[in-house]
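The values are calculated or read from the model by the stated rules, or taken from the named source; none is laboratory data. Note that the structure is predicted; figures quoted are calculated from it, not measured. Note: ideal-geometry Cβ built from the backbone for every residue, glycine included; neighbour counts use all protein chains shown.
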Ligand code: COA
């Protein structure tokens, strides 16, 4: 190991340790005291329930664990894990989307970020054709923020709209209530295709006892108003009565036991491990995120047999190869690649090559992986006159219309229009993964500092002193670099998970496996300029 590769490894190990520490805060809100409170209520932490729900010895692919940190809501700074666990696991072999309110975070109530996380998981389920299991234990809307969580599209009502529509498509919506489900939250129980309640633990009512007393004067216990017996024996709003959480989880598994097996809509080949270990990534990616990368070496550490069948390798050296295109297999699944290389700036030749390749993969129905480490398209008169705007737009059009499953992985700068051309969030990739090396923002902190400084000087009407310039530049750099950081983006659900380098292969193969559970449609592209 050279000095440089050793430094890279030490840097990334440390960065991923910071990620581990944040995740630990997300998954243990309230610490041991909160777990003891659950024990007194006869409950287990939600991830233990999920572990029992999915097939033995299989992995739960948990999404967006660092969502909700630094939100600065009224009286609430952090909402660990957004108060909601979402993720993919196999139940009787079938990929299923699992949702679970964490009652340790403000009684599992819904903040704006909780809703965003819930909507994102439902969107993945609907697009990929997955059944959904909701482990419901929520005080409903976070009431101090009702105006931001209740009335709009993609807010509270949309959870149930999505359930109804997915159910109509034949995607099973199963709810297991393990606590209070009040007001809007009650619809999680009543909208399900089948719902399971637990005696003296689950409650579901449109108005809880205090509201009933205020509205009608009736004094009644939660149990008699909307307990598990009421809904399974009297109202019929729930379908299965269980005595404890273990029995209830087994009941959910039984409900899903006769679901038809899912099918993969692509030829899956024999899987082969990479010849280059994933550990190599820690050494080959520069600690400085603005330094260029050798993406071919990166691909070797994730591809089956480390084999990359490159397309147009020799086209426009030094210009065309800032994007690398080709195919690899990921655990046997064929995947088309569009990957930033070197310093990642996109020249016209690279944009043209990428567009051509995206359209080709769409023609032969190969899913696409975008490996993003680009600070933007090339600027300047040479580039403008050669049509960088036009060719960049062609690439964006191709990315937008590509009908094949698309996944984005960010391993470097992710700025400006390169975010569009490389299939950023606005382009609705089936999954979007980040790493500790990702920096997503409209431009880099350095560039933003310069642009904003020229605006500031114009506003002031006189030039700034050198000290003022340095201070301003630093302030802007700190702000932009902070907002581009994977923790900031992960907190706001701008990615589906921040992956460690050694997790990349497993997660990408899961993502393509799930995205290919629906048949790929026919290609169709709108206007291109060429
Ligand atoms: N909005 C805002 N905060 C809420 C809330 C809500 N809907 N429901 C609960 N909380 C808060 C509590 O104030 C408490 O905050 P604190 O820890 O800072 O004191 C925390 O969440 C835990 O609530 P607590 O009542 O102690 O938990 P519990 O396990 O004893 O009871 C519920 C859980 C859900 C049964 C109970 O909190 C409840 O009935 N909440 C009101 C539900 C409601 O009417 N929702 C209507 C909105 S659609």
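Things to note:
- Candidates in region 193-220 are the residues that are in a strand (DSSP E or B) and within 13 Å of the ligand (Cβ to nearest atom); of these, the one that is farthest from residue 255 (Cα to Cα) is 205.
- In this structure, residue 33 qualifies as outside any loop (DSSP other than H, G, I, E, B) and either in contact with a helix residue (DSSP H, G or I) (Cβ under 7 Å, 6 or more places away or on another chain) or within 16 Å of the ligand (Cβ to nearest atom) (or both).
- Residue check for residue 248: more than 16 Å from the ligand (Cβ to nearest atom), part of a loop (DSSP other than H, G, I, E, B), modelled with pLDDT of 95 or more and surrounded by 22 or more Cβ atoms within 10 Å (Cβ to Cβ): no
- Positions within region 122-171 being within 14 Å of the ligand (Cβ to nearest atom), assigned to a helix (DSSP H, G or I) and either under 24 Å from residue 61 (Cα atoms) or within 22 Å of the chain's Cα centre (by Cα) (or both), in sequence order: 148, 149, 156, 157, 159, 160
- Applying the condition of being at negative phi and assigned to a loop (DSSP other than H, G, I, E, B) to region 372-391 and asking which residue is surrounded by the most Cβ atoms within 10 Å (Cβ to Cβ) yields 375.
- Per-region count, region 413-459, residues on the phi > 0 side of the Ramachandran plot and buried (at least 23 other Cβ atoms within 10 Å of the Cβ): 1
- When we screen 119, 97 for residues that are more than 15 Å from the ligand (Cβ to nearest atom), under 14 Å from the mean Cα position of the chain (by Cα) and crowded, with 22+ Cβ neighbours inside 10 Å, the only hit is 97.
- Check on residue 177, touching a strand residue (DSSP E or B) at 6+ places or on another chain (Cβ under 7 Å), within 16 Å of the ligand (Cβ to nearest atom) and under 17 Å from residue 99 (Cα atoms): yes
- Residue within region 198-218 that is touching a helix residue (DSSP H, G or I) at 6+ places or on another chain (Cβ under 6 Å) and more than 30 Å from residue 111 (Cα to Cα) present: yes
- Test: residue in region 300-313 that is out of contact with any helix residue (DSSP H, G or I) (no Cβ under 8 Å at 6 or more places or on another chain), touching a residue at least 12 places away in the same chain (Cβ under 8 Å) and farther than 22 Å from residue 366 by Cα: no
- Looking only at region 314-336, and only at residues there that are more than 19 Å from residue 395 (Cβ to Cβ) and in contact (Cβ under 8 Å) with a residue 60 or more places away in the chain, the one that is surrounded by the fewest Cβ atoms within 10 Å (Cβ to Cβ): 332
- Criterion applied to 104, 47 was being in contact with a helix residue (DSSP H, G or I) (Cβ under 7 Å, 6 or more places away or on another chain), touching a residue at least 24 places away in the same chain (Cβ under 8 Å), outside any strand (DSSP E or B) and within 28 Å of residue 505 (Cβ to Cβ), and the one residue passing it is 47.
- Per this entry, residue 113 is counted among residues that are part of a helix (DSSP H, G or I), more than 13 Å from the ligand (Cβ to nearest atom), modelled with pLDDT of 95 or more and within 16 Å of residue 73 (Cα to Cα).
- Pick from region 199-211, criterion surrounded by fewer than 24 Cβ atoms within 10 Å (Cβ to Cβ) and at pLDDT 95 or above, ranking: farthest from residue 143 (Cα to Cα): 199
- Lone unmet requirement of (1) touching a residue at least 40 places away in the same chain (Cβ under 8 Å); (2) crowded, with 20+ Cβ neighbours inside 10 Å for residue 86: (1)
- The residues of region 172-187 that are touching a helix residue (DSSP H, G or I) at 6+ places or on another chain (Cβ under 7 Å), within 17 Å of residue 240 (Cα to Cα) and in a helix (DSSP H, G or I) amount to a single one, 187.
- When region 131-155 is limited to residues that are closer than 22 Å to residue 260 by Cα and touching a helix residue (DSSP H, G or I) at 6+ places or on another chain (Cβ under 7 Å), the one that is surrounded by the fewest Cβ atoms within 10 Å (Cβ to Cβ) turns out to be 132.
- Residue within region 76-91 that is within 14 Å of the ligand (Cβ to nearest atom), at pLDDT below 95 and either outside any strand (DSSP E or B) or over 16 Å from the mean Cα position of the chain (by Cα) (or both) present: no
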